[in-house]
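The values are calculated or read from the model by the stated rules, or taken from the named source; none is laboratory data. Everything numeric in this text was worked out from a predicted model, so none of it was measured. Every residue, glycine as well, gets a Cβ built from its backbone with ideal geometry; the counts of neighbours run over all protein chains shown. Just so you know, the surface numbers come from the protein's heavy atoms only, side chains and all, with ligands and any DNA or RNA stripped out. Shrake-Rupley method; radii C 1.70, N 1.55, O 1.52, S 1.80 Å.
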Amino acid sequence: MRVGRRPNRTLMLLTVALALTTALGAQTITLPNQKNSVHFAVIGDTGSGSAQQYRIGERLAAARAVFPYDIVLMLGDNIYGGSDARDFADKFEKPYKSLLDGSVKFYASLGNHDNTNERLYKPFNMNGERYYTFKPSNGSVRFFALDSNYMDRAQLAWLDKELANSGSDWKICYFHHPIYSSGKTHGSDLRLRTQLEPLFIKYGVNVVLAGHDHFYERIKPQHGIQYFVSGAGGQLRPGDVRRSDLTEKAFDTGYHFILFEIAGDTLFFQAISDQGQTVDSGAITRLKQT
Amino acid sequence: MRASFAIAPVLIVLVLPAPTRAVQSASVNSDASVLAAFDQRVKAYADLRDKVDHGQAALKETRDPAKIAAAQDVLAARIRTARAGAKPGDIFSPDIQRMFHRLLQPELKGKKGAETKAAIKDEAPGAMTLKVNTRYPEKAPLSTVPPNVLASLPKLPEGLEYRFVSTHLILLDGRANLIVDLIPNAIA
């Protein structure tokens, strides 16, 4: 039964991919797309309702047709400028409609422009909490969504306990304010770094994702941890990257999203612009904890 | 190493002349009573909120954002009615305000202080009229409150938050999006 249905579904997805790619222009997924690997997408600072946010939504849908993923991490500022039903519709439900219709689950973290009660909005999958953790059904990876806007003692104690008990090979933390960034407007949040970095190092966090600065930046690994800034899913600050010793790769002339694939001890990533260009890609090998 | 840190404050107290010890002891007792008063006031507020937080005001997980906004509005309206006579200083009494100024001061000095102020000012909400028992503007961003500032201030009941607007510290009910009280120029 399942074998018989597969070709139809594949054909349908390829048709959708072809149609979307034709409409949007070329977009080549270079990730390995291995069987049983964990796939997810990342977007940040999305909730503007701008045409570019919608275009990123279309790009995400086109990418999913050839690189199936069921998880999207949101790095905060999910809904700018209000929190009534129309805001949620125009700045989330419509731009990502095809993904939501396809049962993709979004896992949001809160930014400084978000109403704290967004935690109660079911499609954000926050279970009513400002910070939370979850684990996909396949692969040894655990995600930790933090509220960097309000890093109180309770949250730090919670993170300490959850990281200690994680047991997962891959530990990925994501939140809004970057603790490493070359942004002219915001840059690194040093006070936050003082509190979080020791925990990340102590418990062997592998990857940290943040937004807030409206561009893409991959930071040179710090203490063995790979940091990404991804804050241009719906807002852009052109020319805002002040390339520094931290910068491994940066892109501040267009909107973007990132695709990730975890296969065993390797995490592959590909950052794609709203024009469909790959602006960065690569692989990170997990250092085994001793 | 850890033991030596624990012992150091004790030794300092022991070598102080007697009058200084007495003054310090009085200050500690005074701080403890002010802190106890603050805890009592915020708990009384949280109890009041919890009492009206039911039925249409109860915030629940939902797919419908209109229901979240409606529950938030009902909760805010009920709290405003229950605290109809609320005024600045109801929670942050002058003694508590003085204590908060004192607690915040070390976090605002030197390099650490500069980083702290930068984090608070980063995309801070613009000018707005602050009034106790009114809604925090829906469209305004929330200030980031750096972890060292939160660590220096007394713990709050669930749902209450410290936030900054310009140099003022506000006590915000995040569930109702309501300004509960404020300290003018707390970080001036």
- Which residues, if any, in segment B:56-70 have at least 50 Å² less accessible area in the whole protein complex than in the isolated chain, probe 1.4 Å? B:Glu61, B:Arg63, B:Pro65, B:Ile68
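Suppose the chain between A:Asp70 and A:Lys161 were pulled fully straight at 0.36 nm per residue; how much longer would it get relative to their current alpha carbon spacing?
30.0 nm
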- Along Cα→Cβ, 7 Å out, is where each label goes; now give me the distance between the ones at B:Leu35 and B:Arg98 in nm to one decimal. 1.7 nm
- Message: Amide H of B:Val165 versus every other amide H placed in the peptide plane: which residues, excluding those fewer than 5 positions away on the same chain, fall under 5 Å?
- Response: B:Ile170
- If you find the alpha carbon centre of segment A:250-288 and of segment B:93-172, how far apart are they in angstrom? 37 Å
- Note on the structure: Given the candidates A:Leu60, A:Asn33, A:Leu73, the one whose Cα lies deepest towards the positive end of the charge dipole of segment A:26-132, counting +1 at each Lys or Arg C-beta and -1 at each Asp or Glu C-beta, is A:Asn33
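When a/c is below 1.5 the answer is rounded, else prolate if a/b is larger than b/c, else oblate, so apply that to segment B:86-188 with a ≥ b ≥ c taken from the square roots of the Cα gyration tensor eigenvalues. Walk me through the intermediate numbers first.
Working: a/c = 1.67, a/b = 1.24, b/c = 1.35.
Here segment B:86-188 falls in the oblate category.
How much of the accessible area of the protein assembly as shown, in percent, comes from carbon and sulfur atoms when a 1.4 Å probe is used?
Numbers: 11570 of 21050 Å².
Ligands and nucleic acids excluded, carbon and sulfur reach 55 percent.
Net charge near A:Ser140: determine it from the other residues with C-beta under 11 Å of the C-beta of A:Ser140, scoring Lys and Arg +1 and Asp and Glu -1.
After counting each charged neighbour, the total is +2.
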- Query: Can you give the helix-only mean residue ellipticity at 222 nm for the protein assembly as shown, where every DSSP H stretch with n ≥ 4 adds -39500 (n - 2.57) and the sum goes over all residues, rounded to the nearest 500 deg cm²/dmol?
  - Reply: -11500 deg cm²/dmol
- Message: Please give the charge dipole size of chain A, origin at the Cα centre, charges +1 on K and R Cβ atoms and -1 on D and E Cβ atoms. Round to the nearest 20 debye.
- Response: 800 debye
- Task: Ignore the peptide's own chain and count Cβ atoms of other chains within 10 Å of each Cβ in A:187-199; give me the average, rounded.
- Result: 4
- Which whole-angstrom value gives the distance between the alpha carbon centres of segment A:22-61 and segment B:39-83? 38 Å
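Is the shape of the protein assembly as shown rounded, prolate or oblate, going by the alpha carbon gyration tensor and its root eigenvalues a ≥ b ≥ c, with a/c under 1.5 for rounded and a/b larger than b/c for prolate? Mind showing how you got there, number by number?
Details: a/c = 2.13, a/b = 1.56, b/c = 1.37.
Prolate, since a/c reaches 1.5 and a/b exceeds b/c.
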- Could you tell me which of rounded, prolate or oblate describes segment B:73-133, using a ≥ b ≥ c as the square roots of the eigenvalues of the alpha-carbon gyration tensor, with rounded for a/c under 1.5 and, failing that, prolate when a/b is larger than b/c and oblate otherwise? oblate
- Item | Estimated buried accessible area (total), pair B and A, 1.4 Å, Å² to nearest 100 | 3000 Å²
- Message: How charged is the neighbourhood of A:Ala283? Take every other residue with its Cβ under 15 Å from the Cβ of A:Ala283, and add Lys/Arg as +1 and Asp/Glu as -1.
- Response: -1
- Search the structure for amide H atoms under 5 Å from the amide H of A:Gln222, placed 1.01 Å from N in the peptide plane, and list their residues when 5 or more places away or on another chain. A:Tyr227
